[in-house]
Amino acid sequence: MNFDGEDLSHKALGDRLPPDETHVFRECDLTEADLWGAPLAGARFESCVLDRTDFRKADLDGAVFTGGGGMRTRFNDADLIDAVFTDVDLSSAQFSGALLTDVSFAGCRMIGAALTGSRGTGFKVSRSNLTLANLGGCSLRKEHIEGVRFDDADLSGCDFTEATLSDCRLRGTRLLHTKFAKADLRGADLGEPDDDKLRAFAGAIITQAQANAILGARGITVL
């Protein structure tokens, strides 16, 4: 079923979507639309307005979101296996309880997004802004993470073991019990080092310049 340029705001759409079809939404307004539990596996959302859209418990396995987006979209407890988000505004989006196995976020604005409490084996993120986001407890083991801003984000309990962070920023980031064992941080801006950061970076790979900056912040001069 195709929806082109339709105003679907504030509407309950679950009963309108046959479960045996692939649904395509192009340039639709889905502001506060109710898609709770909807059968949306393989669906496409192209340049849609997603302000406070309710995708809770929806089946979004393999869904593709391109462009568009909005504030406070709810994906709580949704199935998002192999879903792809490209250039989508996901500011303050909620993913608690969502199944995020092999999900890809590329070029997304995820300021204040909450992924803590999500399920699955991990997800990929690149060229995205996760300032003030909460990723507490998420796994990004062995991922190549490029061009991501984690400024003032909460990464407590996250697992970055053997990950590579390239052109990433960790300024003001909360890293309580975060793991970076064997992670390559040579291409990352580590921000001002504090005790939690130093503990988190144990076992990580950094440059000599980064090491000098850390020691310099502790009043130690390296000659």
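The values are calculated or read from the model by the stated rules, or taken from the named source; none is laboratory data. Just so it is clear, the structure is predicted and the values come from calculations on it, not from any experiment. Counting neighbours? That spans all protein chains shown, and the Cβs are built from the backbone with ideal geometry, glycine included. We work out accessible area using only protein heavy atoms, side chains counted, and drop any ligands, DNA or RNA first. Shrake-Rupley method; radii C 1.70, N 1.55, O 1.52, S 1.80 Å.
Taking the criterion of being closer than 21 Å to Ala106 by Cβ and open to solvent by 50 Å² or more (accessible area, probe 1.4 Å), the residues of segment 47-60 that qualify are Ser47, Val49. For segment 170-199, filtering for residues that are touching a Gly at 6+ places or on another chain (Cβ under 9 Å), open to solvent by less than 20 Å² (accessible area, probe 1.4 Å) and closer than 18 Å to Asn129 by Cα leaves 2.
Against the test of being among the aromatic types (Phe, Trp, Tyr) and modelled with pLDDT under 95, the options Phe160, Phe201 yield a single qualifying residue, Phe201. Each residue in segment 2-45 was checked for being open to solvent by less than 60 Å² (accessible area, probe 1.4 Å) and under 12 Å from Asp59 (Cβ atoms), and 11 pass. Scanning segment 30-44 for residues that are over 13 Å from Asp20 (Cβ atoms) and part of a strand (DSSP E or B) gives Asp34, Arg44.
When the test is whether a residue is loosely packed, with under 15 Cβ neighbours inside 10 Å and at pLDDT 95 or above, Asp167 passes it.
Considering segment 113-154, and only residues there that are under 22 Å from Gly191 (Cβ atoms) and β-branched (Val, Ile, Thr), the residue that is most open to solvent (accessible area, probe 1.4 Å) turns out to be Thr116. Total residues in segment 93-111 satisfying the condition of being free of Cβ contacts under 8 Å to residues at least 40 places away in the same chain, open to solvent by 30 Å² or more (accessible area, probe 1.4 Å) and not aliphatic (A, V, I, L, M): the figure is 4.
Lys197 is checked against (1) of a type in the set (Lys, Arg); (2) within 21 Å of Asp89 (Cα to Cα); (3) not in a strand (DSSP E or B) and fails just one. What number does that condition carry? Evaluating Lys197 over (1) of a type in the set (Lys, Arg); (2) within 21 Å of Asp89 (Cα to Cα); (3) not in a strand (DSSP E or B) leaves (2) as the failure. Listed by position, the strands (runs of 3 or more DSSP E) contained in segment 58-165 that have at least 2 residues being of a type outside the set (Val, Ile, Thr) are 103-106, 123-126, 144-146. Of all the criteria given as (1) closer than 30 Å to Thr86 by Cα; (2) open to solvent by 50 Å² or more (accessible area, probe 1.4 Å); (3) not β-branched (Val, Ile, Thr), the one not satisfied by Cys158 is (2).
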